[in-house]
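Colleague: Before anything else, here's the structure in question.
The values are calculated or read from the model by the stated rules, or taken from the named source; none is laboratory data. Here the structure is a predicted model, which is why all the values come from computation and not from measurement. Neighbour counts run over all protein chains shown; Cβ positions are idealised from the backbone, glycine included.
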Amino acid sequence: MKLGHLVAVTAAAAVALTGCANMTETQKGTATGAGIGAVAGAVIGAATAGGNRSRSATTGAAVGAAVGAIGGYVWSKKMEEQRQKMEQASRGTGIDVTRTADNRLKLNIPADAGFDVNRSEIKPALGGVLDRFAATMNEHTVTTIQIVGHTDSTGTDAVNNPLSVARAQATRDRLVARGVAAQRIAIEGRGEREPIASNDTEAGRAQNRRVEIYIAEAAPAQ
């Protein structure tokens, strides 16, 4: 089977499965993870196939589906409740609360809403919002949390990289101080490497200066 056909089939299968009306939210999340894993596995298999591309792509899809089924995320009733509470807590602050395509809850915090320029100390307004976020995280303790700091392109990597990490650390420390278990939280700083807008304008740079929080509930192994 050609790679393009295989990817199309696996992706279509995932969409079809997640659209079944009789499936629970857990089953839909697992099916989505399996479909995404299958596509990723097919691509990886094809890239490493050497002389037998078709066979490796098929094997990669099967392995990827298994990994996706185990490692996918589920959008449960608790996750939806958490999203609604976080939307209420952040209303009017400039913080965006969204559900990602892979069933994670994403909080996008512009630096201007929470940090002074070139500083990692959390502003009081953001501190209050994070306190309310922590309360919802403590109501649903099976989730894991990833905090990622970003900067704009102003300045050098020597400044931007540690600044992005420091902002992620400050965010984590605030949540931990409000009772969120530290072992649930992973942090990362990506400096200027992942802009979401053009760094050629001040408005674009303001969007790129941000901290993202991802909250995920793992789908049960099948």
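Colleague: If the requirement is being over 21 Å from Gly72 (Cβ atoms), assigned by TED's automatic domain parsing to the domain that holds Asp131, of a type outside the set (Phe, Trp, Tyr) and without any contact (Cβ under 8 Å) to a residue 12 or more places away in the chain, which of these qualifies: Ala182, Ala206?
Modeller: Result: Ala182 is the single residue among Ala182, Ala206 that is over 21 Å from Gly72 (Cβ atoms), assigned by TED's automatic domain parsing to the domain that holds Asp131, of a type outside the set (Phe, Trp, Tyr) and without any contact (Cβ under 8 Å) to a residue 12 or more places away in the chain.
Colleague: Another question, if that's okay. Take region 83-97 and flag every residue that is farther than 11 Å from Leu130 by Cβ, in contact with a strand residue (DSSP E or B) (Cβ under 6 Å, 6 or more places away or on another chain) and at pLDDT 95 or above.
Modeller: Result: Arg83, Glu87, Asp96, Val97.
Colleague: A further question follows. Quickly run through region 85-139 and pick out the residues that are among the acidic types (Asp, Glu) and over 16 Å from Ala168 (Cα atoms).
Modeller: Listed by number, the residues that qualify are Glu87, Asp96, Asp102, Glu139.
Colleague: When region 149-161 is examined, which residues are found to be surrounded by fewer than 21 Cβ atoms within 10 Å (Cβ to Cβ) and not in a loop (DSSP other than H, G, I, E, B)?
Modeller: Scanning region 149-161 gives Asp157, Ala158, Val159, Asn161.
Colleague: Does region 162-176 contain any residue that is assigned to a helix (DSSP H, G or I), within 20 Å of Asp102 (Cβ to Cβ) and either in contact (Cβ under 8 Å) with a residue 60 or more places away in the chain or not acidic (Asp, Glu) (or both)?
Modeller: no
Residue-by-condition table, conditions (1) in contact with a helix residue (DSSP H, G or I) (Cβ under 8 Å, 6 or more places away or on another chain); (2) modelled with pLDDT under 95; (3) closer than 14 Å to Gly114 by Cβ; (4) crowded, with 20+ Cβ neighbours inside 10 Å:
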| residue | (1), (2), (3), (4) |
| --- | --- |
| Gln169 | no, no, yes, no |
| Leu175 | yes, no, yes, yes |
| Val180 | yes, no, no, yes |
| Gly189 | yes, no, no, yes |
| Glu194 | no, no, no, no |
| Ala206 | yes, yes, yes, no |
| Glu217 | yes, no, no, yes |
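Colleague: Also, I was wondering about something else. Kindly check whether there is at least one residue in region 111-127 that is assigned to a loop (DSSP other than H, G, I, E, B) and within 21 Å of Glu87 (Cα to Cα).
Modeller: yes
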